[in-house]
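The values are calculated or read from the model by the stated rules, or taken from the named source; none is laboratory data. This one's a predicted model, so the numbers in the text were calculated from it and none came from an experiment. Every residue, glycine among them, receives a Cβ derived from its backbone with ideal geometry; neighbour counts consider all protein chains shown.
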Amino acid sequence: MLYSSFKIGNLELKNRWIMLAMHTGYGEGNAIGEREVAFYEERAKGGAAAVTMVLAVNEAGSLKGMHQAQALESESLKALADRIHQHDCKLIVQLFHCGRNESKKNHGDKKLFAPSVVASPIFKADPLEMDEAELTKTKNDFAFAANVCKNAGVDAVEISASAGYLLSEFLSPITNLRQDAYGYSTNRGMNYPLEVIQAVHGQVGDYPMLIKVSGAQMVEGGYGLEDTISFCRLASEYIDGVTVTGGWHESPVEQISYHVAKGAYAPLAGVLKKYVSLPVIACNRIHDGEIAEKLLAEGMCDFVGSARAFLADPHFVNRVEKSQPFLPCQGCNRCIIGVLKGRELSCGFNPEAGQEYFENQRRKVATRKEVIVIGSGPAGMEAAKKSAERGFMTTVISEDTSIGGQLNLAAKPPKKEALSAYISYMEETLKNLGVKFIFGEKCSEEFLLEKKPYFTVIATGSQPQGPQIEGAEKGVFASDVLSGQVSLPDQSEEGQIVIIGGGSVGLETAAYIKELDVERKIKMVDSQSSFGKDLGSLSRPLISSLQAKGVQFMPDTNADALEDHKVFISIAGKKFFLQADAIVLATGSQPNEYAYLTLPLMDERLSYALVGDADRIGDGADAIHSAYELFTRLYLA
């Protein structure tokens, strides 16, 4: 079914894959620029049946870097539609109003409007309550924006009523405290969103229209699936399809990270499909052909919608159809976190996302010159990829026996298996690019001086760093536990595993140990007041899961010294000790030694650069971007 055609209203799509709306932040000025066109066109080339662009209906409803309909040069929208159509792909434009959901800093001098004066728990800023004039203006602006799209050759419009943006705010008793006809107490807040839908339909007539809804608000006291069904049934007279996502951005329940099972929210679409006689698009964590085909076969939806799968690999639809490796979305949330902070859309594992126009300008050299990449971790893999794509003879030399570096360890904890798929994808990619590998060998000064490469990339990575305390050698590094180099002793009657360090490495090592033995007692110690700061919002589900499995957390606790089977700690100046079967150190990293390579390169005036942890300690995505950015600013010829 996945690659069969199907219709939304009178619009026929070639397959069931729809690229959902993502705010890119790439918009500059009043015209859709070549950078944006290249971004969407690459996804159209990649096999999507339709791609969705976001357009704010007015200035107040726009986010930073988003075009708004009244100022948009319509010819640029027509040009985008024409480019998309060249690839047998349709263009959908989502009509958007942010409501209260943006920070005052990013919104600038524009007013934030909402049904009522209720601040977003994410952005904290109090919006203005929409008065009658603003309600009428905004409704007319939705209709105007739809007409702009229709006249520009856009194939369909989608009205945003999800995720906590303006129209969904009317549907919630939490955000809609109005006492007029548009208040929640009147028809459960549906009147204004329905009037907007009617106004759009009245403007464009027999033209494909979708609405995007959250299946449920997923916030205590908010609206549920029954309310969404009622709303969609009332709207069905005017629309041609429904896109069903999970909850709101502010929902305490995870929405799109790797903690969410693939296709976990598709049942919301499946239930709605039973009550609405319209095509339904399922969303959230649909990133591969297997789950997509399953959802279609089970009748949960008519189309599968994905945003971040297209961000990670613009050609993944064609690659899935041909059973080829593709770059999988990691569910790391780097993209959405950046957008919510007002940054441009980016992907942690595909640094070319949003850079397609610039990549097309970068020339491939015809040369026999050689580039040596030292290290085969995330930075080394990306550096080798870009070097080979630029046309250089590329050799990777690594002490490891395979590629991936520390990503191989990062893939060990539960729910992180997509990292292994990324490594496999890169392995196949580098093989197809003709990259040569030398494994199990430490790069020497003699090797470099014999080769005299045109350019050397030092991606030698990092090693764990122990705490500066007495007896630190009594602990074992988390990386050695994950790699299997160290076996943990059996659980004793009084003992436990004590993990020192409450960042991502410590937390994920605890999850890994619990996966092996759920009965294992674990206590986590950190001098800071909170755990998982480097994980951002991803720390919440991980910590909750560990707590549910009995892991104990000790914040504001200093590890002062280690002895065999003992960790001496201090809390608010008071001294204690913990009995430990094993002490696991997750206390940071330091770059591996590389001066023995750089000094002879400098002596011979051979060019080189540091990337990844060799340059600056970070995570895998930081390392990938570090290597990519090297090849954007470095033009080798």
- Out of (1) in contact (Cβ under 8 Å) with a residue 60 or more places away in the chain; (2) in contact with a helix residue (DSSP H, G or I) (Cβ under 8 Å, 6 or more places away or on another chain), the odd one out for Leu194 is which? (1)
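Among the strands (runs of 3 or more DSSP E) confined wholly to the stretch 334-444, which include 3 or more residues that are under 14 Å from Gly620 (Cβ atoms), of a type in the set (Ser, Thr, Tyr) and in contact (Cβ under 8 Å) with a residue 12 or more places away in the chain?
none
Take the stretch 251-267 and flag every residue that is within 16 Å of the chain's Cα centre (by Cα) and either among the basic types (Lys, Arg) or more than 10 Å from Asn284 (Cα to Cα) (or both).
Listed by number, the residues that qualify are Glu254, Tyr258, His259, Lys262.
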- Going by the structure shown, is Lys364 modelled with pLDDT of 95 or more and among the basic types (Lys, Arg)? no
- Task: Select, from Tyr192, Tyr182, the only residue that is within 22 Å of Glu237 (Cβ to Cβ), crowded, with 24+ Cβ neighbours inside 10 Å and in contact with a Pro (Cβ under 8 Å, 6 or more places away or on another chain).
- Result: Tyr192
- Item | Matching residues, the stretch 517-548, being over 19 Å from Pro414 (Cβ atoms) and β-branched (Val, Ile, Thr) | Val525
- Is one or more of the residues making up the stretch 269-285 closer than 25 Å to Ala145 by Cα, under 20 Å from the mean Cα position of the chain (by Cα) and of a type outside the set (A, V, I, L, M, F, W, C)? no
- Item | strands (runs of 3 or more DSSP E) fully within the stretch 210-310 counting 3 or more residues that are of a type outside the set (Gly, Ala, Ser) | 241-245
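So that you can scan it fast, the table gives a plain yes or no per residue for (1) surrounded by 23 or more Cβ atoms within 10 Å (Cβ to Cβ); (2) in contact with a Ser or Thr (Cβ under 9 Å, 6 or more places away or on another chain); (3) among the acidic types (Asp, Glu):
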{"position": "Arg233", "(1), (2), (3)": "no, no, no"}
{"position": "Asp240", "(1), (2), (3)": "no, no, yes"}
{"position": "Pro252", "(1), (2), (3)": "no, no, no"}
{"position": "Ala264", "(1), (2), (3)": "no, no, no"}
{"position": "Ile291", "(1), (2), (3)": "no, no, no"}
{"position": "Val304", "(1), (2), (3)": "yes, no, no"}
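Modelled with pLDDT under 95, surrounded by 19 or more Cβ atoms within 10 Å (Cβ to Cβ) and out of contact with any His (no Cβ under 9 Å at 6 or more places or on another chain) - does that describe any residue in the stretch 397-413?
no
Select from the stretch 564-602 the residues that are charged (D, E, K, R) and part of a strand (DSSP E or B) and write down the one among them that is surrounded by the fewest Cβ atoms within 10 Å (Cβ to Cβ).
Residue satisfying both the conditions and the ranking: Lys574.
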- Tell me the helices (runs of 4 or more DSSP H) entirely within the stretch 89-206 that contain at least 3 residues that are among the hydrophobic types (A, V, I, L, M, F, W, C). 132-151, 166-170, 191-204
- Task: Check the stretch 567-584 and report whether any residue there is closer than 30 Å to Tyr454 by Cβ, among the charged types (D, E, K, R) and without any contact (Cβ under 8 Å) to a residue 60 or more places away in the chain.
- Result: no
- Query: Do we find a residue being within 30 Å of Leu562 (Cα to Cα) and either touching a Pro at 6+ places or on another chain (Cβ under 7 Å) or of a type outside the set (D, E, K, R) (or both) anywhere in the stretch 432-454?
  - Reply: no
- Query: Name the residues in the stretch 118-140 that are touching a residue at least 60 places away in the same chain (Cβ under 8 Å) and either touching an Asp or Glu at 6+ places or on another chain (Cβ under 8 Å) or exposed (fewer than 15 other Cβ atoms within 10 Å of the Cβ) (or both), would you?
  - Reply: Ser120, Pro121, Ile122, Lys139
- Task: Return the residue satisfying two criteria in turn: it lies in the stretch 521-563 and is touching a Leu at 6+ places or on another chain (Cβ under 8 Å) and part of a loop (DSSP other than H, G, I, E, B), and of such residues it is farthest from Gly618 (Cα to Cα).
- Result: Phe531
- Task: Taking the residues in the stretch 424-465 that are surrounded by 18 or more Cβ atoms within 10 Å (Cβ to Cβ) and of a type in the set (Val, Ile, Thr) as candidates, determine which candidate is farthest from the chain's Cα centre (by Cα).
- Result: Thr456
- Task: Scan the stretch 454-482 residue by residue and report those that are within 26 Å of Gln579 (Cβ to Cβ) and not in a loop (DSSP other than H, G, I, E, B).
- Result: Pro464, Glu470, Ala472, Glu473, Lys474, Val476, Phe477, Ala478, Ser479, Asp480, Val481, Leu482
- Note on the structure: The residue from Pro267, Pro279 that alone is under 30 Å from Val37 (Cα atoms) and at pLDDT 95 or above is Pro279
- Message: Looking at (1) among the β-branched types (Val, Ile, Thr); (2) surrounded by 15 or more Cβ atoms within 10 Å (Cβ to Cβ); (3) part of a loop (DSSP other than H, G, I, E, B), which one does Ile513 not meet, given that it meets all the others?
- Response: (3)
- Task: Just name the residue that is farthest from the chain's Cα centre (by Cα) out of those in the stretch 202-231 that are surrounded by 23 or more Cβ atoms within 10 Å (Cβ to Cβ) and among the β-branched types (Val, Ile, Thr).
- Result: Thr228
- Answer yes if at least one residue in the stretch 154-161 is small (Gly, Ala, Ser) and more than 22 Å from Leu91 (Cα to Cα), and no otherwise. no
- Item | Flag if Ser172 is in contact with a Lys or Arg (Cβ under 7 Å, 6 or more places away or on another chain) and either at pLDDT 95 or above or among the small types (Gly, Ala, Ser) (or both) | no
- Across the stretch 454-474, the tally of residues that are closer than 20 Å to Met602 by Cα and among the polar types (S, T, N, Q) stands at 2
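With respect to His107, determine if the residue is more than 18 Å from Ser214 (Cβ to Cβ), under 29 Å from the mean Cα position of the chain (by Cα) and surrounded by fewer than 16 Cβ atoms within 10 Å (Cβ to Cβ).
It is false that His107 is more than 18 Å from Ser214 (Cβ to Cβ), under 29 Å from the mean Cα position of the chain (by Cα) and surrounded by fewer than 16 Cβ atoms within 10 Å (Cβ to Cβ).
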- Query: Inside the stretch 318-333, can you point out the residues that are outside any loop (DSSP other than H, G, I, E, B) and touching a Gly at 6+ places or on another chain (Cβ under 6 Å)?
  - Reply: Asn318, Val320
- Message: Every residue in the stretch 521-563 that is surrounded by 15 or more Cβ atoms within 10 Å (Cβ to Cβ), among the hydrophobic types (A, V, I, L, M, F, W, C) and under 23 Å from His259 (Cβ atoms), please.
- Response: Ile522, Met524, Phe531, Leu535, Leu538, Leu542, Ile543, Leu546, Val551, Phe553
